[in-house]
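The values are calculated or read from the model by the stated rules, or taken from the named source; none is laboratory data. Small disclaimer: the values here were computed from a predicted structure and weren't measured. Here the Cβ is made from the backbone with ideal geometry for all residues, glycine too, and neighbour counts use every protein chain on show.
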Amino acid sequence: MTKQHITIAVTGLNNTDNPGPGVPVIRGIRESTDLDVRIIGLAYENLEPGIYMPGITDKTYLIPYPSAGTKVFFNRILEIHRIERIDLIIPNFDAELYTFIKSEKLLAEHGIRTYLPTLEQLDERSKINLPAYGKKYEVQVPRSKELTSLNDIPSLREEFDYPVLVKGKFYDAYLAYNSEQVINHFNKIAAKWGLPVIVQEFIKGTEVNVVALGDGSGRTVAAVSMRKQYITDKGKAWGGITINDPKMMEITHNLIARTNWRGGMELEMIKTTSGGYYLIEINPRIPAWVYLAVGAGQNIPEALVKLAMQREVPSYPPYQVGKMFIRYSWDMLGDISQFEKISMDGVL
């Protein structure tokens, strides 16, 4: 069978202590035995490690943040498209998904595919709407409350027991043991991600996660669960191991079937000592630990590309349990000329 040649643009190259999914997504795609790919990196900052890592991108362009405005953002995307003839874009940040989903038809008119959830699916699972989501789909979620000003904080002691989690609408989650800490976290998160800030009930237990891929018709193409073995101060998994958890798989398959989820997703859950499961977050894209799923036998990035290109993709067989990943630091050397080129020309 002749390999299908595809030019794929990927965001999320910030492979730091708060890693983006771009690098592991690209690694998975490059391991495909029947895709011939050219990878175009799309970077927001000129020091994102994925720009400089050998064998990751074939070419990388700087792009403006979506907050610069939809017109400015997509003029740059289309400028790159005229040079590279992009077949598919895989965005990997929550904060950019709304812009990409809103512009799906515009991109398609220029021959650029995406494989993303609908706006309704995106909004429904947001942190703000999670309690209603849990009620609708019959899954336990922690109690939560929106904070829109500092005036909302004193009343928290009447509704929650400390500690509580303080979360941004896109990223960041901090544990607060009193109202003073809630105020500090509120100010920090609001300055970075805007309002509202969400306060969520803290559930004691083991954090377990599922990375999954839905085909938009209710079928689960892939799903791999893991337990975090090492967590950074930012709450990111720095080590994890695949586990056999039928209940988590049942919850995942049920949610994908009932919502007709399209694209990658991550379910973040707490398993209590009594065996209960609380859904604390749904990330509407592939997570940064997806390479563990690739190593365990389910190449989710490859499957997403094939679905986007309208190829038949069967559901994966069971994954390998006990597969482990550990992240590590590596001093990568480059040359100042590389930094100068990406900074001055916006391309490397």
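A few remarks follow.
- Residue within the range 149-158 that is touching a residue at least 40 places away in the same chain (Cβ under 8 Å), assigned to a strand (DSSP E or B) and on the phi < 0 side of the Ramachandran plot present: no
- Top-ranked residue in the range 226-254 [being hydrophobic (A, V, I, L, M, F, W, C) and at pLDDT 95 or above; ranked as surrounded by the most Cβ atoms within 10 Å (Cβ to Cβ)]: 226
Residue-wise test of (1) at pLDDT below 90; (2) among the charged types (D, E, K, R); (3) not assigned by TED's automatic domain parsing to the domain that holds residue 67.
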residue	(1), (2), (3)
129	no, no, yes
134	no, no, yes
138	no, yes, yes
147	no, no, yes
163	no, no, yes
168	yes, no, yes
172	yes, yes, yes
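- Residue selected from the range 181-239 under the condition free of Cβ contacts under 8 Å to residues at least 24 places away in the same chain and in a strand (DSSP E or B), by the criterion farthest from residue 315 (Cα to Cα): 228
- Filter pass, residue 317 being in a loop (DSSP other than H, G, I, E, B) and under 25 Å from the mean Cα position of the chain (by Cα): yes
- Qualifying residue in the range 192-212 (condition: small (Gly, Ala, Ser), buried (at least 19 other Cβ atoms within 10 Å of the Cβ) and farther than 30 Å from residue 325 by Cα): no
- A Cβ distance below 8 Å, combined with a sequence gap of six or more or placement on separate chains, defines the contacts here; from the range 289-306, residues that are among the hydroxyl-bearing types (Ser, Thr, Tyr) reach residues that are surrounded by fewer than 22 Cβ atoms within 10 Å (Cβ to Cβ) and part of a helix (DSSP H, G or I) in the pairs 291/27.
- Residue check, residue 118 touching a residue at least 40 places away in the same chain (Cβ under 8 Å) and exposed (fewer than 13 other Cβ atoms within 10 Å of the Cβ): no
- Positions within the range 121-136 being assigned to a helix (DSSP H, G or I), touching a residue at least 24 places away in the same chain (Cβ under 8 Å) and of a type in the set (A, V, I, L, M, F, W, C), in sequence order: 122, 130
- Any pair with Cβ under 9 angstrom, 6 or more apart, that starts in the range 240-257 at a residue that is in a strand (DSSP E or B) and ends at one that is of a type in the set (Ser, Thr, Tyr) and surrounded by 16 or more Cβ atoms within 10 Å (Cβ to Cβ): 242/225; 242/319
- Exactly one residue among 112, 101, 90, 77 is surrounded by 14 or more Cβ atoms within 10 Å (Cβ to Cβ) and touching a Lys or Arg at 6+ places or on another chain (Cβ under 9 Å), and that residue is 90.
- Matching entry among 270, 282, 336, 286 (being over 27 Å from residue 101 (Cβ atoms), in contact (Cβ under 8 Å) with a residue 40 or more places away in the chain and hydrophobic (A, V, I, L, M, F, W, C)): 270
- Considering (1) buried (at least 20 other Cβ atoms within 10 Å of the Cβ); (2) under 20 Å from residue 322 (Cβ atoms); (3) of a type in the set (A, V, I, L, M, F, W, C), the lone condition that residue 221 does not fulfil carries the number (2).
- Criterion (among the aliphatic types (A, V, I, L, M) and closer than 16 Å to residue 130 by Cβ) met by exactly one of 203, 241: 203
- Subset of the range 320-348 (residues that are over 16 Å from residue 211 (Cβ atoms) and assigned to a loop (DSSP other than H, G, I, E, B)): 322, 328, 329, 330, 331, 332, 333, 334, 335, 346, 348
- Failed criterion for residue 117 (all others in (1) assigned to a loop (DSSP other than H, G, I, E, B); (2) out of contact with any strand residue (DSSP E or B) (no Cβ under 8 Å at 6 or more places or on another chain); (3) of a type outside the set (A, V, I, L, M); (4) modelled with pLDDT of 95 or more hold): (2)
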